[in-house]
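The values are calculated or read from the model by the stated rules, or taken from the named source; none is laboratory data. Just so you know, these numbers come straight off a predicted model, no measurement behind them. Cβ coordinates were reconstructed from backbone atoms using ideal geometry, including for glycine residues, and neighbour counts include every protein chain displayed.
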Amino acid sequence: MSGRTPRLFAATLAVAALALGACAEKTADQPAAGASSATASYPVTVGSLTLDKRPEKIVSLSASATEMLFAIGAGPQVTAVDDNSNYPAEAPKSDLSGFQPNAEAIAGKSPDLVVLSDDRNKIVDQLGKLKIPVYLTPAATTLDDTYRQITDLGSLTGHADQAADVTGRMKDDIAKLVKDLPQRTEKLTYYHELGPELYSATSKTFIGSLYSLVGLTNIADPADADSKNGGYPQLSQEFIVKADPDFVFLADSKCCQQNADSVKARSGWAGLTAVKNSQIVALDDDVASRWGPRVVDLLRVIIDAVAKVPA
């Protein structure tokens, strides 16, 4: 397996110790920067974490959390983000790593809140000994996880109202998108590609749950029936060709330059329904590997593609 798929894998699972190297696109509206909830008062407790005052030096070591923080108007409080947080453009990117966190380097930023997606290298304990508060935002498996993390970050940063606006808008947008889907007597099938090595994601993953919301059937589900791959099985060329998906969604279009032409050129793939019907969809690698507010943009791309197929 090459070094490219682990990069995508890491972003999707938030567990691999390699970096994601994709770019981001401009997208959705964001609340006015710096505005805080009029009702914000401290101390604030979320789970086992209590903050006595509003954090003004936040370090985010999760690309998804960075997007959430800026979306709720807490951007001005963010003083450093990890080397994978490339959205929004104004995020104060640093050489800090979320995959190999270093307590000394993090402490050097004098944070009053650190946001992580994983407790790697026992970093939470290390930062705790330095009296640095930590909030964990594990990789989401459902949209409810995303809403909860946005809500929690809103409470912790003094932007509860803005967080409620963001989640409310997301729920409304998603409901409208799904409502307009045509009713089908037979479900369309799809293959979601994490990398050219043919790693995919099943319906029990976060990205898989979005496709399920659209009413699509995942060809990868049978390949992960024993759950040994945690929802991310590596498929074979033969398996995919036999499954003959109606759609191929590429989450490796930026990192690995995969597109309709490269897919068609693969051995045996030219005869796939997705290829013959020009239903190969290139996704934004970053958006497809994160669980922040831009999941609405991802869902819109998927639904726009599906809506073109006659019911």
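Below is a table of values for the structure above.
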| item | result |
| --- | --- |
| Subset of the stretch 85-99 [of a type in the set (A, V, I, L, M, F, W, C) and closer than 12 Å to VAL115 by Cβ] | LEU96 |
| Selection status of ALA251, touching a residue at least 12 places away in the same chain (Cβ under 8 Å), under 15 Å from the mean Cα position of the chain (by Cα) and at negative phi | yes |
| Any pair with Cβ under 7 angstrom, 6 or more apart, that starts in the stretch 300-311 at a residue that is closer than 14 Å to VAL248 by Cα and ends at one that is of a type outside the set (Asp, Glu) and assigned to a helix (DSSP H, G or I) | ILE302/LEU210; ILE302/TYR211; ILE302/VAL214; ILE303/LEU177; ILE303/VAL214; VAL306/VAL214 |
| Pick from the stretch 94-118, criterion outside any helix (DSSP H, G or I) and acidic (Asp, Glu), ranking: surrounded by the most Cβ atoms within 10 Å (Cβ to Cβ) | ASP118 |
| Yes/no for LEU13 being of a type outside the set (Ser, Thr, Tyr), closer than 16 Å to LEU116 by Cβ, out of contact with any helix residue (DSSP H, G or I) (no Cβ under 7 Å at 6 or more places or on another chain) and at pLDDT 95 or above | no |
| Listing of helices (runs of 4 or more DSSP H) fully contained in the stretch 119-213 that carry 2 or more residues being under 22 Å from the mean Cα position of the chain (by Cα) and surrounded by fewer than 18 Cβ atoms within 10 Å (Cβ to Cβ) | 143-157, 160-179 |
| Scope the stretch 214-253; condition exposed (fewer than 15 other Cβ atoms within 10 Å of the Cβ) and assigned to a helix (DSSP H, G or I); matching residues | PRO222, GLN237, GLU238, LYS242 |
| Qualifying positions in the stretch 42-100 - closer than 20 Å to ASP165 by Cβ and without any contact (Cβ under 8 Å) to a residue 12 or more places away in the chain | none |
| Hits in the stretch 263-293 (condition: part of a loop (DSSP other than H, G, I, E, B) and in contact with a Ser or Thr (Cβ under 9 Å, 6 or more places away or on another chain)) | GLN279, LEU283, ASP284, ARG290, TRP291, GLY292, PRO293 |
| Residue list for the stretch 60-84, restricted to those being among the small types (Gly, Ala, Ser), farther than 12 Å from VAL115 by Cα and in a loop (DSSP other than H, G, I, E, B) | GLY73, ALA74 |
| Sole residue being surrounded by fewer than 24 Cβ atoms within 10 Å (Cβ to Cβ) and within 19 Å of the chain's Cα centre (by Cα), chosen from ALA89, ALA71 | ALA89 |
| So TYR211, is it touching a His at 6+ places or on another chain (Cβ under 8 Å) and closer than 30 Å to ASP261 by Cα | yes |
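Listed here are the residues, each with its yes/no results for (1) hydroxyl-bearing (Ser, Thr, Tyr); (2) touching a strand residue (DSSP E or B) at 6+ places or on another chain (Cβ under 7 Å).
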site	(1), (2)
LEU96	no, yes
PHE99	no, no
ILE106	no, yes
ASP119	no, yes
TYR135	yes, yes
ILE150	no, no
ARG169	no, no
LEU177	no, no
LEU194	no, no
